[in-house]
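The values are calculated or read from the model by the stated rules, or taken from the named source; none is laboratory data. Note that the structure is predicted; figures quoted are calculated from it, not measured. Cβ: placed from backbone, ideal geometry, glycine included. Neighbour counts: every protein chain shown.
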Amino acid sequence: MADSIHIVSIIIPHWNGIDVLSECLDSLKQTSYDSFEIIVSDNASSDGSQDWIRKNHPDVILLENDQNYGYAGGCNRGAEVAKGKYLIFLNNDTIQDPNWLGPLIDRMKSNESIAAIQPKILNYYNRKIFDYAGGAGGYMDLFCFPFARGRIFLNREEDSGQYNKAQKCFWASGTAMMVQKDLFITAGKFDETFFAHMEEIDLCWRFHAMGYQIWAEPESIIYHKNAVSLPVHTHRKYYLNHRNSLLMLFGNYSVPVAFYIGFIRIMLEFIALGYSIVKMDWNHMTGIIRSLGWILIHPITIMKKRSRFKKIRKVDDKKIMEMLTKTSVVLAHYLGRKKTYLDLESKAS
């Protein structure tokens, strides 16, 4: 990290959890690549993280935000001070293989059409299985339900090398995501309305609309402590996941497609709502109701998002939809018993 000019800026959005951040920073400093800077974008932590960073990691660039701007806002503010040609947005609850950085840079340099790329993401606690957050590259169905190579909903696969080939995907995980800085700025950065969850999918959708590619590079490996920041079955996580997915759908598709796909998606939301009521899953039930309410009362926010998307669009819906799974991954998984990405791929073929 001694170079005055860095090719990579690693940006870590952070809000409380010194012990988690400490392990991440210690791991980063074992990276076998010397041209990078580390920026911690602190979202007004209340546990003394700022003083701890200054004392224990004086070489780390500390950005002290005046409030909690979430993942999206924390990353955006970090990008504003970053000097690297490439940006890596990295969760603070990760550790990295020492050789993780080189393959990402090599893959990015190999093709100017690559806007974003992610490593293979394995679970920190069981390093033989893929992590929930991104696996070996993210995909999505037409109705804006995301999944990944190695993970469909809560079903995670053991890593036996089945996804060891680098390839294009639809979205790269914000757990560890490298982007070209100039394209990130042109695309409008992360949409801070999202706060957290799916903002990276939304960004990748915009990259596709601009005519660029997203890749997964399995020679790069990191390990993630899933759901440390926000536990899986909380009301807030359900709310953000449902709301942000709907926000993407109504904000990014063209008007006719948004109405057609959106109608079917809303029906699926009501099915999920009924299921949560039967299961007496109040967090899920209230999360869905709150998300639908937010969409209903924020038409201006959605219209502004649509306007921003239109300004950068060079690729139409038809081309983008060719990259999406045509059938509902929800129905394929829960009714069709499709448990893995390879199952879905065989169904599609």
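Selection of segment 4-13 for residues being under 16 Å from Asp59 (Cβ atoms) and either modelled with pLDDT of 95 or more or in contact with a strand residue (DSSP E or B) (Cβ under 8 Å, 6 or more places away or on another chain) (or both) yields His6, Val8, Ser9, Ile10, Ile11, Ile12.
Kindly establish whether Ile271 is surrounded by fewer than 17 Cβ atoms within 10 Å (Cβ to Cβ) and part of a helix (DSSP H, G or I). Yes: the conditions hold for Ile271. The set of residues in segment 297-329 being over 28 Å from Gly211 (Cα atoms) and assigned to a helix (DSSP H, G or I) consists of Ile297 alone. Each residue in segment 275-295 was checked for being touching a residue at least 40 places away in the same chain (Cβ under 8 Å), among the hydroxyl-bearing types (Ser, Thr, Tyr) and out of contact with any helix residue (DSSP H, G or I) (no Cβ under 6 Å at 6 or more places or on another chain), and 0 of them qualify.
Taken as a whole, segment 201-214 holds at least one residue that is assigned to a strand (DSSP E or B), at pLDDT 95 or above and in contact with a strand residue (DSSP E or B) (Cβ under 6 Å, 6 or more places away or on another chain). When residues in segment 303-349 are screened for being buried (at least 18 other Cβ atoms within 10 Å of the Cβ), at pLDDT below 90 and charged (D, E, K, R), 1 of them pass. For the condition surrounded by fewer than 23 Cβ atoms within 10 Å (Cβ to Cβ), under 28 Å from Met248 (Cα atoms), in contact with a Gly (Cβ under 8 Å, 6 or more places away or on another chain) and not aromatic (Phe, Trp, Tyr), Asn111 does not qualify.
The residues of segment 117-131 that are of a type in the set (A, V, I, L, M, F, W, C) and free of Cβ contacts under 8 Å to residues at least 40 places away in the same chain, listed by number, are Ile129, Phe130. Cβ separations smaller than 6 Å between residues 6+ apart or across chains give the following pairs from segment 74-95 residues that are closer than 13 Å to Trp15 by Cβ to residues that are modelled with pLDDT under 95 and of a type in the set (Lys, Arg): Asp93/Lys225. Considering the conditions (1) closer than 26 Å to Phe184 by Cβ; (2) assigned to a helix (DSSP H, G or I), Leu292 is excluded by exactly one of them, (1).
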